[in-house]
Amino acid sequence: MKNLKKWIGACLCLLCLCFVVGCSFGTTGKEPTDIEKDPTIIEIQNDITETYKKISSGCVGVYATAGSSGSVGSGVVYKEENGLYYVVTNHHVIEDMTTVRIYRGGSRYIKAKVVGSDAKNDIAVLTFSLDLFGGADVYVNDIFSYEDEIVSVGQTVLAIGCPLGLENYNTLTTGVVSRVTKTQIQTNAEINPGNSGGGLFNVSGRLIGINTKKEVYTPSEENGVVIDIPVEGLGYAIHLDVVKKCIKDIESKKGEVTRPLLGITVMAVNRYISTKDAEQYIELLPNAIEQALVVTDVNDGVAKKAGVLANDIILKANDMDIVLTTDLSSILNLMLPGDIFKLEVYRPSIKQTKTFTITLE
């Protein structure tokens, strides 16, 4: 009897000890870190989850075929008119393909029609209608209902697409904006083949760009041998400003959009003219001399017809300062035949500035 009392007493002590230490026996979870408990971090995570739920039904897969050839990409629904949904994707996803289908997960393949495309800017527009097997309602990211979003380096972004195939339909990756130019958004959000044409969104769910490519390798020479070095975190999306202009042109033309050429070749001025010779007109240049552009060659075309000569220094195009070759191409790549193009140059031979009004062909 005395031993029984001792055994009961020991059990009661052990039970009390469990309550004292918080009954931690069998607990496998770990205490969240200070960062994980940060209200700001929790809010961002919740925002991303809710945003994905809202916009993912407006993100689609694109499956294009021609004979035995095929291509897989992604797309974003940007408009709905009388039951007809409009999708923006990349031109290279549907290029040279004869049949295009929209994929909405499971076994839902819906026949699509190509409205048109812009090869220069790698944008294409498709349409489709829901059938009995169309699946859930479609979210429309109405990019023309709001002003262009301000995109800043460091902001969180979401990429949604079908990396490596439709079996990875509507895969979400996140990252930040790494760099912004007039035409592109660089991001470290992971994208892969199959993400082409998919959307790059901000945390509120607004489309800010269309994913188009990534850097995979960069060449490097070692002991006379060129090798490829892997590159990480260098993905690119077409800026929404460019996307919207291309969509408008495609819808207007209802077919292939051809961008005009000036018929000139340009080069950074410091690679073509010595610094000593360039000093006479450096004050007219919009930026440092090593960034200005010089016309190195004039082919038969609209620029030659207008009177542009080799060695002209390009100052402005359509009243915008021209510093880099991408500044010039970003303007030309959004123009159409018949548009008026104004080019301002400095001509060293006569030490004068000249302005040309060119009708593009």
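The set of residues in the range 177-198 that are touching a helix residue (DSSP H, G or I) at 6+ places or on another chain (Cβ under 8 Å) and crowded, with 24+ Cβ neighbours inside 10 Å comprises 194, 196, 197.
Please state which of the following conditions residue 157 fails to meet, knowing it meets all the rest: (1) closer than 18 Å to residue 47 by Cα; (2) surrounded by fewer than 18 Cβ atoms within 10 Å (Cβ to Cβ); (3) of a type outside the set (Asp, Glu). Going through (1) closer than 18 Å to residue 47 by Cα; (2) surrounded by fewer than 18 Cβ atoms within 10 Å (Cβ to Cβ); (3) of a type outside the set (Asp, Glu) one by one, residue 157 breaks only (2).
Residue by residue through the range 103-128, note down the ones that are of a type in the set (S, T, N, Q) and closer than 26 Å to residue 242 by Cα. Lay out the reasoning, then the answer.
Residues of the range 103-128 that are of a type in the set (S, T, N, Q), as a first pass: 107, 117, 121, 127.
Correct list: 117, 121, 127.
Among the residues of the range 327-361, just one is without any contact (Cβ under 8 Å) to a residue 12 or more places away in the chain and in a strand (DSSP E or B), namely 352.
Scanning the range 271-311 for residues that are at pLDDT 65 or above, open to solvent by 80 Å² or more (accessible area, probe 1.4 Å) and more than 30 Å from residue 338 (Cβ to Cβ) turns up 271, 272. Scanning the range 99-121 for residues being part of a strand (DSSP E or B), buried (at least 20 other Cβ atoms within 10 Å of the Cβ) and among the charged types (D, E, K, R) gives a total of 1.
Condition (residue is modelled with pLDDT under 85, in a helix (DSSP H, G or I) and of a type outside the set (Val, Ile, Thr)) applied to the range 229-250: is it met by at least one residue? Checked against the condition, which is being modelled with pLDDT under 85, in a helix (DSSP H, G or I) and of a type outside the set (Val, Ile, Thr), the range 229-250 yields no hits at all. One residue is enough: does the range 330-340 have a residue meeting the conditions open to solvent by less than 50 Å² (accessible area, probe 1.4 Å) and at pLDDT below 90? Scanning the range 330-340, I find no residue that is open to solvent by less than 50 Å² (accessible area, probe 1.4 Å) and at pLDDT below 90, so the answer is no.
Given the criterion in contact with a Lys or Arg (Cβ under 9 Å, 6 or more places away or on another chain) and without any contact (Cβ under 8 Å) to a residue 40 or more places away in the chain, identify the matching residue among 226, 242, 231, 257. So that I can check it myself, show each step before the final result.
Details: 226 fails: in contact with a Lys or Arg (Cβ under 9 Å, 6 or more places away or on another chain); 242 fails: without any contact (Cβ under 8 Å) to a residue 40 or more places away in the chain; 257 fails: without any contact (Cβ under 8 Å) to a residue 40 or more places away in the chain.
Result: 231 is the single residue among 226, 242, 231, 257 that is in contact with a Lys or Arg (Cβ under 9 Å, 6 or more places away or on another chain) and without any contact (Cβ under 8 Å) to a residue 40 or more places away in the chain.
The values are calculated or read from the model by the stated rules, or taken from the named source; none is laboratory data. Since this is a predicted model, take the numbers as computed values, not measurements. Ideal geometry is used to build each Cβ from the backbone, glycine not excepted, and the neighbour counts take in all protein chains shown. Surface areas here come from the heavy atoms of the whole protein model, side chains and all, with no ligands, DNA or RNA. Shrake-Rupley method; radii C 1.70, N 1.55, O 1.52, S 1.80 Å.
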